[in-house]
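Contents: one structure, followed by commentary.
The values are calculated or read from the model by the stated rules, or taken from the named source; none is laboratory data. Since this is a predicted model, take the numbers as computed values, not measurements. Cβ sites come from the backbone with ideal geometry, for glycine too, and all protein chains shown count toward neighbours.
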Amino acid sequence: MEKIETIGAMQQLARKWLLEGHTIAVVPTMGALHQGHLSLIDLARQHADKVVATIFVNPTQFGPNEDFDGYPRNSEADELQLQAHLTDALFMPTSKEMYPDGFETRVELTRLPLHLCGMRREGHFVGVTTVVLKLFNAVQPQLAVFGEKDYQQLMIVRKMVRDLNLPVEIIAGPTVRAEDGLAMSSRNRYLDIHERKAAISIYQALVRARQLVNSGTVDTIILRQAMTEIIEQAGANVDYVAVIHPESLEELNVVGAKAHAAIAAFVGRTRLIDNIRLKD
Ligand code: AMP
């Protein structure tokens, strides 16, 4: 596996691969890799013959009171896991490389961030879209793989690609869960054993919402109440529970032909998110 730290070296390798006729897929991550990330690497491999993982804990997508400094960083373990999954290159730029002095450009969507995490984490998605476009420009991929676990991010990246005519196909990877249903997340490492138990309530709440919809409930007030109760009973705190249209991300009053449930909750001080398809 090639390890690359500069944008110039990454672009050079990408150019060489493209001239040789290879297709390139990128899997952007913030490291502290787990099975969720690795499933995306495997999915990328099915679609392209060169797979590039990126690890960059992007400072611009963290708010001032968020966990940028404490975010788990474990590059040796990450490298071993990427090697085991036959990743061709790891692009791991420094913050200075990505944001040199004088950097001032932002990529901003105007509508999709006005929901869910976008309303709770000011500036978060500007940070995400700006860094994803920069990563695409460094890696020159034909394909990029993102997880459904970060559903709003996936939809926002897809929209950016469409709006800016980027020649990149976005592939979605299903959410990988622990045996008890908890969505895998780098932030699960923050949880103590009690919090780890309480965290299951997020998935349980989503499953309950799906059961209610399957048995005919369409009123989203009832769905939100049911989800909130399950989370609060477990001792976690709801940041939001939402029933949304899966494309516009707008909140629904009534479950129609398409609906998705999304939750953000604080388990102790750790903020976790998850979502589930209710109807498609
Ligand atoms: P992160 O390192 O948290 O920024 O995530 C990097 C990529 O991995 C994003 O596309 C996430 O949606 C995806 N991802 C994170 N957790 C999971 C999971 N449990 N299952 C599938 N994909 C995931």
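Hey, among ARG189, ARG177, ARG158, ARG162, which residue is basic (Lys, Arg) and farther than 29 Å from ALA259 by Cβ? Show your work before the answer.
Details: ARG177 fails: farther than 29 Å from ALA259 by Cβ; ARG158 fails: farther than 29 Å from ALA259 by Cβ; ARG162 fails: farther than 29 Å from ALA259 by Cβ.
Only one candidate passes the filter, namely ARG189.
Tally the residues that are surrounded by 11 or more Cβ atoms within 10 Å (Cβ to Cβ), over 22 Å from the mean Cα position of the chain (by Cα) and not in a loop (DSSP other than H, G, I, E, B), restricting the search to the range 85-108.
1
Among the residues of the range 118-162, what is the count of those that are part of a loop (DSSP other than H, G, I, E, B) and surrounded by fewer than 21 Cβ atoms within 10 Å (Cβ to Cβ)? Spell out the reasoning first.
Restricting attention to the range 118-162, the residues satisfying the condition of being part of a loop (DSSP other than H, G, I, E, B) are 121-123, 140-142.
Next cut, surrounded by fewer than 21 Cβ atoms within 10 Å (Cβ to Cβ) only: 121-123, 140, 142.
Final tally of qualifying residues: 5.
Does TYR190 satisfy being touching a strand residue (DSSP E or B) at 6+ places or on another chain (Cβ under 7 Å), in the same structural domain as PHE91 (by TED's automatic domain parsing) and within 16 Å of the ligand (Cβ to nearest atom)? Outline the logic, then answer.
Values: touching a strand residue (DSSP E or B) at 6+ places or on another chain (Cβ under 7 Å): yes; in the same structural domain as PHE91 (by TED's automatic domain parsing): no; within 16 Å of the ligand (Cβ to nearest atom): yes.
No; evaluated as a whole, the condition is false for this residue.
Kindly provide the set of residues from the range 201-237 that are β-branched (Val, Ile, Thr), without any contact (Cβ under 8 Å) to a residue 60 or more places away in the chain and surrounded by fewer than 18 Cβ atoms within 10 Å (Cβ to Cβ), ordered by number.
Taking the range 201-237 and keeping what is β-branched (Val, Ile, Thr), we get 202, 207, 213, 217-218, 220-222, 228, 230-231.
Applying the additional criterion that residues be without any contact (Cβ under 8 Å) to a residue 60 or more places away in the chain yields 217-218, 220-222, 228, 230-231.
THR217, VAL218, ILE221, ILE222, THR228 - these are the residues of the range 201-237 that are β-branched (Val, Ile, Thr), without any contact (Cβ under 8 Å) to a residue 60 or more places away in the chain and surrounded by fewer than 18 Cβ atoms within 10 Å (Cβ to Cβ).
For the range 1-83, list the strands (runs of 3 or more DSSP E) that sit wholly inside it and hold at least 2 residues that are modelled with pLDDT of 95 or more and within 14 Å of the ligand (Cβ to nearest atom); which are they? Outline the logic, then answer.
Values: elements: 2-4, 24-29, 50-55.
Output list reads 24-29, 50-55.
Any idea which residue in the range 137-175 is nearest to the ligand (Cβ to nearest atom), counting only those that are among the aliphatic types (A, V, I, L, M) and under 19 Å from ALA264 (Cβ atoms)? Walk me through how you get there before you give the answer.
Step one: filter the range 137-175 for residues among the aliphatic types (A, V, I, L, M), giving 138-139, 143-145, 154-157, 160-161, 164, 166, 168, 170-172.
Of the ones still in play, those that are also under 19 Å from ALA264 (Cβ atoms) are 154-157.
Working: LEU154: 7, MET155: 11, ILE156: 11, VAL157: 8 Å.
Top of the filtered list is LEU154.
ALA198 fails exactly one of the following numbered conditions: (1) in a loop (DSSP other than H, G, I, E, B); (2) not assigned by TED's automatic domain parsing to the domain that holds THR23. What is the number of that condition?
Single failed check for ALA198: (1).
Among the residues of the range 119-136, what is the count of those that are within 15 Å of the ligand (Cβ to nearest atom) and on the phi > 0 side of the Ramachandran plot?
Going through the range 119-136 one residue at a time, the tally reaches 0.
For HIS260, are the conditions met, namely being of a type outside the set (Asp, Glu) and out of contact with any strand residue (DSSP E or B) (no Cβ under 6 Å at 6 or more places or on another chain)? Don't jump to the end; show me each part of the working.
Values: of a type outside the set (Asp, Glu): yes; out of contact with any strand residue (DSSP E or B) (no Cβ under 6 Å at 6 or more places or on another chain): no.
Criteria not met by HIS260.
Going by the structure shown, is ASN188 surrounded by fewer than 19 Cβ atoms within 10 Å (Cβ to Cβ) and either touching a residue at least 60 places away in the same chain (Cβ under 8 Å) or over 20 Å from the mean Cα position of the chain (by Cα) (or both)? Please lay out each step first, then the result.
Working: surrounded by fewer than 19 Cβ atoms within 10 Å (Cβ to Cβ): no; either touching a residue at least 60 places away in the same chain (Cβ under 8 Å) or over 20 Å from the mean Cα position of the chain (by Cα) (or both): yes.
No; evaluated as a whole, the condition is false for this residue.
Scan the range 12-40 for residues that are surrounded by fewer than 18 Cβ atoms within 10 Å (Cβ to Cβ) and among the β-branched types (Val, Ile, Thr) and jot them down.
Residue satisfying the conditions is THR23 alone.
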